[in-house]
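Any read-out appearing in this document is the output of simple, stated calculations on the displayed coordinates, not a laboratory observation. Predicted model only: the values in this text are computed from it and were never measured. Cβ atoms come from the backbone with ideal geometry, glycine included; neighbour counts cover every protein chain shown.
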Amino acid sequence: MKHRHLLVYLALVFLCVWGGTSAFAEDADMNAYTKNTPIQAVIHDPAFGDYGRLIFPVDEGYMSGDTLGSLRLTWYNNIDPDKTVEIANFLRTRALNGETIFYDIYTEEEKAADPAKRDSGLFFFKGTPGARFAVCNAGGGFAYVGAMQDSFPHALELSKRGYNAFALIYRPGAFGEEDLPRPAAVALQYTGHAEYTPEDPPTFACVGESDWIANWRTMERRLQALQDLGIPTEFHHYPGLPHGFGLGTGTVAEGWLDEAVAFWEAQRAPQS
């Protein structure tokens, strides 16, 4: 199982791990939500039990809009309403079909001792059983989790490609965790993270040249430093593109996820 996962950092947050065609559930409820569906209707849908609130930012001050089609998230651009609706329907259909789409990270005892731990968990986007997996971590400026733009779309697209993908809902600002296993590769989007070590994993990175939050030159210098250490890298910077473009649908960055997956697959350890 070594080196079978891909670590992804998205936007401003320095966090943990990232992630044929998978079969979507055939169900009339696949299109239950539309762009006109109120966000609160999704949050309180019985299909999601008590975790529907974690689909959107826990601190609602970082989002605006009343419906799925009008959703806006602080610091993000190029939010695709069609993708937002698709994600919500995907999760609902899978839940109604009896599949586990959400995993608690902490026990009830741990959450009772620290109520903030209730605001965490893993959403699961099922791919092919036994396939490689990725864990996607949304950014949010160390203030909130922008999953609907910065991890759910990535996880959904990875699941369509057969990978098993998890989207982590974390507690912003909770640092100090123990070291994690080294991933097969990192896919890094628009962040000013500058530190590195000779033990860093192979790294794919992309950013817009008009990003006023994460300067593309800072990312370029870090990727060059990794390359100088002999670590495989791939770097893309897109003219005119601002911060928080997610999958980049309809922009010059569209298709970057396929390039990141190809980079990830190129790091696959030889089969023994």
Quick one: which residues, 5 or more positions from Y238 or on another chain, have an amide H under 5 Å from its amide H? H modelled 1.01 Å from N in the peptide plane, none for Pro or chain starts. V207, G208, E209
What is region 21-124 by shape, rounded, prolate or oblate, if you read a ≥ b ≥ c off the alpha carbon gyration tensor as root eigenvalues and call it rounded for a/c under 1.5, prolate for a/b larger than b/c, and oblate otherwise? oblate
From the list (1) 1.88; (2) 1.11; (3) 0.97, can you say which value of Cα Rg over 2.2 N^0.38 Å was derived from the structure given? (3)
Under the rule rounded for a/c under 1.5, else prolate if a/b exceeds b/c, else oblate, using alpha carbon gyration tensor axes a ≥ b ≥ c, region 182-272 is classed as oblate
Only helices counted: for the chain, with every DSSP H run of 4 or more residues adding -39500 (n - 2.57) and the sum spread over all residues, [θ] at 222 nm is -6500 deg cm²/dmol
If you plug each phi of region 246-256 into the Karplus form 6.51 cos²θ - 1.76 cosθ + 1.60 with θ = phi - 60°, what whole-Hz ³J(HN,Hα) values come out, in order, with x for Gly and Pro? x, 6, x, 4, x, 10, 5, 8, 4, x, 4
Please compute the length gained on full extension between F142 and A112, using 0.36 nm multiplied by the number of residues separating them and subtracting their Cα-Cα distance. 8.4 nm
State, as an integer percentage, the relative contact order of region 45-168 based on alpha-carbon contacts under 8 Å between residues 6 or more apart. 26
When only Cα pairs under 8 Å and 6 or more residues apart are kept, what is the percent relative contact order across region 128-262? 20
Counting only residues 5 or more places away or on other chains, whose amide H sits under 5 Å from the amide H of V135 once H atoms are built in the peptide plane? L6, V8, W18, G19, F166
Among Q40, A112, Y76, pick out the residue whose Cα is farthest towards the positive end of the charge dipole of region 40-152, where Lys and Arg carry +1 and Asp and Glu carry -1 on C-beta, about the Cα centre. Y76
Return a whole-number percent for the relative contact order of region 103-154, with Cα pairs under 8 Å and 6 or more residues apart as the contact set. 24
Simple spin-label estimate for D179 and I43 in nanometres, 7 Å along Cα-Cβ: 4.1
What shape does region 121-269 have by the C-alpha gyration tensor, where a ≥ b ≥ c are the square roots of the eigenvalues, rounded means a/c under 1.5, and otherwise prolate means a/b greater than b/c and oblate the rest? rounded
Sort 193-202, 133-142 by packing, meaning the average of other beta carbons within 10 Å per residue, with the highest value first. 133-142, 193-202
One would report the antiparallel percent of DSSP beta bridges in the chain, rounded to the nearest 5, as 30
Along Cα→Cβ, 7 Å out, is where each label goes; now give me the distance between the ones at T197 and I105 in nm to one decimal. 2.0
Taking amide H positions as placed 1.01 Å from N in the peptide plane, with prolines and chain starts having none, which residues 5 or more places from L188, or on another chain, fall under 5 Å of its amide H? Y9, F204, A205, C206
